[in-house]
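Trainee: The following block contains the structure, expressed as structure tokens.
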Amino acid sequence: MTREEKSQVIQDLTAVLAGTNTVYLADISGLNAQNTSNLRRACFKAGVQLSVVKNTLLAKAMEASDKDFGTLPSVLKGNTSMMIAEASNAPAKLIKEFRKKSKKPLLKGAFAEESIYIGDEQLDALVDIKSREELIGEIIGLLQSPAKNVVSALQSGGQKLSGIIKTLSEK
């Protein structure tokens with residue numbers, strides 16, 4: 001690979017890193033062809049972009065990025081695959097589900113929601129991160145609950161003024 005080609009790869013990786021808030025680094029070495037194919041298929045279905053990267057080039061791209069990746073470049077040893085997704089917990093859920101059938105992929109580290117997670121033991125914490133859509137759904141559910149209670153209580157009061165006053169005084 002020539003110097004110009006390496007420079008171009010670093011620029012491309014820097015652009016990819018700038019365009020996402022979720023980067024997972026995993027070790028998928030040792031997977032046979034069938035398992036690798038299954039992993040790639042699962043990534044595609046989950047909306048996770050999987051690519052094998054050169055550690056030195058990714059480290060330089062992280063350096064050139066305007067984001068603070070902290071100690072994440074320290075995990076760039078051995079074989080490294082980069083997983084990128086819109087939802088912060090999508091790659092973690094995919095890894096956890098895939099590991100029910102295989103020992104790999106192993107999580108090396110992740111950058112999600114502007115936080116750094118190092119090591120495979122962080123997988124459960126990453127799975128528990130709520131996506132924006134999940135948070136919005138929970139907030140809407142919480143906001144709707146009191147309104148539904150008031151409306152149902154008003155309806156059970158028989159639509160009479162005394163029933164309405166009694167219901168409102170209880171609330």
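The values are calculated or read from the model by the stated rules, or taken from the named source; none is laboratory data. Note that the structure is predicted; figures quoted are calculated from it, not measured. All accessible areas refer to the heavy atoms of the entire protein, side chains included, with ligands and DNA or RNA removed. Shrake-Rupley method; radii C 1.70, N 1.55, O 1.52, S 1.80 Å.
Trainee: Please report, for the Cα atoms of segment 1-74, the Rg to one decimal and the Dmax as a whole number; what are they, in angstrom?
Mentor: Cα only, segment 1-74: 13.8, 38 Å (Rg, Dmax).
Trainee: Any idea how far the Cα center of segment 50-129 sits from the one of segment 20-34, in Å?
Mentor: Their Cα centres are 8 Å away from one another.
Trainee: When the Kirkwood hydrodynamic radius is evaluated over all pairs of different C-alpha atoms of the chain, what value in angstrom, to one decimal, is obtained?
Mentor: Taking every pair of different Cα atoms in the chain, averaging 1/r and inverting gives 18.8 Å.
Trainee: Another question about this same structure. Using helices alone, I'd like the mean residue ellipticity at 222 nm for the chain: each DSSP H run of four-plus residues gives -39500 (n - 2.57), total over residue count, nearest 500.
Mentor: -16500 deg cm²/dmol
Trainee: Additional query: Run the reach check for Lys6 against aspartates and glutamates, Cα to Cα strictly under 19 Å, same-chain hits fewer than 8 apart removed. What comes back?
Mentor: Hits, sequence-local ones excluded: Glu63.
Trainee: If you roll a 1.4 Å probe over the heavy atoms of the protein chains, what accessible area per residue do you get for the chain, in Å²? Mind showing how you got there, number by number?
Mentor: On the way: 10600 Å² over 171 residues.
The answer is 62 Å² per residue.
Trainee: Helix 3-18: angle to the longest alpha-carbon principal axis of the chain, degrees 0 to 90, nearest 10?
Mentor: The two axes meet at around 10 degrees.
Trainee: Please list, or write none, the aspartates and glutamates whose alpha carbon is within less than 19 Å of the alpha carbon of Lys93, excluding same-chain residues fewer than 8 places away.
Mentor: Asp27, Glu113, Glu114, Asp120, Glu121, Asp124, Asp128, Glu133, Glu134
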